[in-house]
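Here the structure comes first, spelled out in structure tokens, and everything after it is commentary.
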Amino acid sequence: MTIARNAGGERADEAGWPWSHRKTFLERLGAQGYAAVTIQEYRTIAGRLCEAIEKRALRISDLDGATTERLRHAVLSGVSGSARTYAKFCLGRFIEHLSEAGVATVPEPTTKKATALDRLRDEYAAYLRRQRGLAESTIDNCTGYMERFLAFRFGDRLGDLNAITPDDIVAFLCKLKAGSKPRRYKALPSHLRSLFKFLFWSGKTRRNLADSLPRVATSADHLPRYLKPEEIRRLIEAVRTDDAIGRRNYAMLLLMARLGLRAPEVIAIQLDDIDWRAGEILIRGKGKLHDRMPIPADVGEAIVDYVKNGRAGDSRALFLSAKTPHHPPFKDAQIVNTVLEDAFRKTGLKPPQKYVGSHLLRHSLATDMLRKGASLDEVGDVLRHRSRMTTTIYAKYDLDALRSIARRWPVGGDIR
């Protein structure tokens with residue numbers, strides 16, 4: 001039997017229940033700003049699922065998890081090559097739409113039996129989350145290094161943790177750091193130290209191997225790299241364009257340059273964090289600590305320009321992806337580093353260090369404040385340092401203050 005369809009590919013009579021849901025699904029995609037060519041891809045793959053349902057004369061009550069999985073497999077069996085991955089993604093979204101509408105059950109993902117390593121990783125992650133209060137990104141790094149070390153020591157299967165020796169730890173560090181600069185791997189011993197503290201704390205090892213980890217050698221005269229105010233201005237202006245991406249990038253860099261924010265703090269800002277009446281913004285800092293800071297006028301204007309003329313989507317995050325459907329864009333803060341790298345290329349400025357990171361703007365703000373007469377305490381307040389010792393690294397830039405405490409060099413008969 002041939003079913004009449006209209007020019008849009010829908011059933012002319014819309015009698016079949018799956019087709020009405022496909023229509024609603026496609027309308028939602030259109031409202032989210034998807035391009036016509038993309039919607040056509042979804043139309044095609046969703047239509048194949050509707051045909052499979054219709055062919056089997058399935059009713060709404062029939063689409064349990066097992067049936068939905070068989071339908072999904074049947075539809076994808078007709079797609080091959082590189083198109084299969086995208087078709088699988090599109091089909092999955094349509095099935096999720098049917099599930100939200102209450103007419104289908106999403107297939108349960110296949111689960112494998114948890115191994116001893118899986119259980120140890122989960123227990124370690126819970127320890128870091130509850131006992132240490134670490135951020136999820138840091139927890140991922142810690143558990144990642146745990147898995148790499150245990151694979152180095154035991155291979156595919158977890159062995160006797162009490163068999164680990166200090167020599168094993170040193171050998172692992174040497175392997176990972178061979179040919180690299182010490183400063184780039186300061187976090188590695190710290191993460192491993194945390195692991196062995198956990199193993200001893202939880203009773204999985206008889207001795208605390210954290211004490212056997214060597215410290216990373218660092219240069220005592222290391223200074224934070226920075227840029228001059230004019231160079232900062234050129235970089236920020238370089239990303240400012242009259243479109244959504246340019247407005248977003250300009251606002252992000254301006255926030256970091258004026259308030260000394262870290263990149264993760266920028267992408268964590270929510271619309272509700274901005275108090276326009278008080279002229280303040282809530283900063284979600286390290287260690288799950290929150291601070292309120294005043295919003296400079298130019299920063300506020302940049303945010304308003306982005307929200308009014310560039311931002312799209314219904315997420316409460318301030319900075320969103322420019323790509324449809326404008327979900328919160330960033331799993332990590334790498335986007336900010338990428339924006340900064342692009343700014344250096346556009347301006348032709350030479351970065352003061354090989355690795356271009358967002359902390360460059362933070363260090364530049366602190367250095368500029370010191371040179372304009374701010375105290376270390378004032379710099380620490382702006383950068384939201386929890387310890388004054390963290391701010392003292394910038395004291396090396398304050399030469400006049402250092403001269404005032406330097407002892408006179410002994411000459412001639414002054415030597416005792």
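The values are calculated or read from the model by the stated rules, or taken from the named source; none is laboratory data. No experiment lies behind these values; they were computed from the predicted model shown. All Cβ positions, even for glycine, are placed from backbone atoms using ideal geometry, and neighbour counts span all protein chains on display. These accessible areas exclude ligands, DNA and RNA; they are computed on the full protein's heavy atoms, side chains included. Shrake-Rupley method; radii C 1.70, N 1.55, O 1.52, S 1.80 Å.
Annotation: aspartates and glutamates with alpha-carbon distance below 12 angstrom to residue 346 (same-chain offsets under eight excluded): 237. A probe of 1.4 angstrom, applied to the heavy atoms of all protein chains, finds residue 63 with accessible area near 10 square angstrom. In summary, the lysines within cross-link reach of residue 175, defined as a Cα separation below 27 angstrom excluding same-chain residues under 8 places away, comprise 186, 197, 204, 354. Here the 3J(HN,Hα) profile of segment 240-247, calculated from phi with Karplus coefficients 6.51, -1.76 and 1.60 at θ = phi - 60°, is 7, 10, 8, 8, 4, 5, x, 5 Hz, Gly and Pro shown as x. Using heavy atoms of the protein chains and a probe of 1.4 Å, the accessible area assigned to residue 212 is about 40 Å². Taking θ as phi - 60° and the Karplus parameters 6.51, -1.76 and 1.60, the scalar couplings of segment 119-126 work out to 5, 5, 4, 5, 5, 5, 4, 5 Hz in sequence order, x denoting glycine and proline.
Please report the carbon-and-sulfur percent of the accessible area for segment 287-378; probe 1.4 Å, protein heavy atoms only, DNA, RNA and ligands left out.
Answer for segment 287-378 is 51 percent, counting heavy atoms of protein chains only.
Averaged over its residues, segment 26-79 has an accessible area of 55 Å² per residue, based on protein heavy atoms and a 1.4 Å probe. The trypsin sites (Lys or Arg not before Pro) of segment 259-294 that DSSP puts in a loop, and whose beta carbon has at most 14 other beta carbons within 10 Å, are 277. Each residue, residue 271 and residue 176, gets one label point 7 Å from its Cα in the Cβ direction; the gap between the two is 4.1 nm. If you average the alpha carbon positions of segment 245-303 and of segment 321-395, how far apart do those two centres end up, in angstrom? Measuring centre to centre over Cα atoms gives 13 Å. Taking the 1.4 Å solvent-accessible surface of segment 63-176 as the whole, the part contributed by carbon and sulfur is 49%.
As a calculated quantity, the FRET efficiency between residue 74 and residue 118 at R0 = 30 Å, using C-beta atoms, amounts to about 0.40. Centre-to-centre, using Cα atoms only, segment 192-211 and segment 128-168 are separated by 10 Å. Based on protein heavy atoms only, segment 251-347 ends up with 50 Å² per residue of surface accessible to a 1.4 Å probe.
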